[in-house]
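Bear in mind that the values in this text are calculations on the coordinates, not laboratory data. Just so it is clear, the model here is predicted, and its values are computed rather than measured. A quick note on method: Cβ atoms are made from the backbone with ideal geometry, for glycine too, and the neighbour counts reach across all protein chains shown.
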Amino acid sequence: MLQKEKVTSVELAEKFEVSRRTILRDIDTLNLSGIPIVSEPGQGGGMSIMEGYKVDRTLLSSEDMQAILSGLQSLDSISGTNRYRQLMEKISANDTASINADNHIIIDLSKWDKSYLADKIERIKKAMEEKRVISFRYFSPTGESTRKIEPYHLVFQWSSWYVWGYCKKRKDYRMFKLTRLTDLAITDEPCAKRKVPEYVCNKTQHSKEEIKVTVKFDRSVKWRIIDECGADRLKYDKEGNILLTFTWSDVPSLFQFILSFDDKAEILEPAEYREEFARHVKKILSHYER
């Protein structure tokens, strides 16, 4: 009703897929709660919020509104419900067609299979709202484990979704990738009352068990290094190749990352990882030399 000057009970019933009687009952509830609804009978009539009671939309410019709508659309792309779409319609000064026509920024945070993550995200959001511990089975390069955490943040970074919280097993704050966890459940255990530290997004720092390496990347893959790590921290040798020192979560996943560059990446330091990676490559090669 904020979105349109007038709307009929029939239109509202069709929109929310309920009976006209339900709409009229909801209108009575709005009136009792202090929101004055005016009804005009006859052709061209309808229901509206009393003039002067509406939110003053001039507080937000059209650019402000589009920025808000872009953010809500990005959340709707991974939501298992239509709550964000409904919120967009509540705050929009125009109709839905106008929203889509005027907004030139499209943000899609979903995977190719939207339902794959939507249920997990909604369940974790519910656990955070109710301040309850979640449990799940987690698959990492070091093996499988059962975890219980107090969830505090849903994080979208490094092109993936993560849940960040206090891990009961490790007794510290950890981040878990949603695609790697299964059997997610909300427990009856409440989250402990603790002072939660501020979450800091750091592309080159993964965990407290991090390893530190220096890698030389061929200049032909500079585009990818800038894409993944940014351009501010890069150093170069005389040939223009990239020298990058960074941290990683563990050795196996580091090797997978280096292999993704084919022969365009070379571990320089420390020597132990360089030698271990050479053995790893030889082991792979042995499968093809048989």
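Electrostatic bookkeeping for residue 224 treats Lys and Arg as +1 and Asp and Glu as -1; over the other residues with beta carbon under 12 Å from its beta carbon, the sum is -1. With the highest mean first, a sort of the peptides 256-266, 231-241 on other beta-carbon atoms found within 10 angstrom per residue produces 256-266, 231-241.
Using R0 = 41 Å, the C-beta based FRET efficiency linking residue 257 and residue 125 works out to 0.85. Length available on full extension from residue 25 to residue 200: 0.36 nm per residue minus the Cα-Cα distance, which gives 58.2 nm.
Using a Förster distance of 51 Å, how high is the FRET efficiency between residue 172 and residue 53, based on the Cβ-Cβ distance and rounded to 0.05? Efficiency computed from Cβ-Cβ geometry: 0.50. Under the criterion of Cα pairs below 8 Å and six or more residues apart, the relative contact order for the range 1-54 equals 40 percent.
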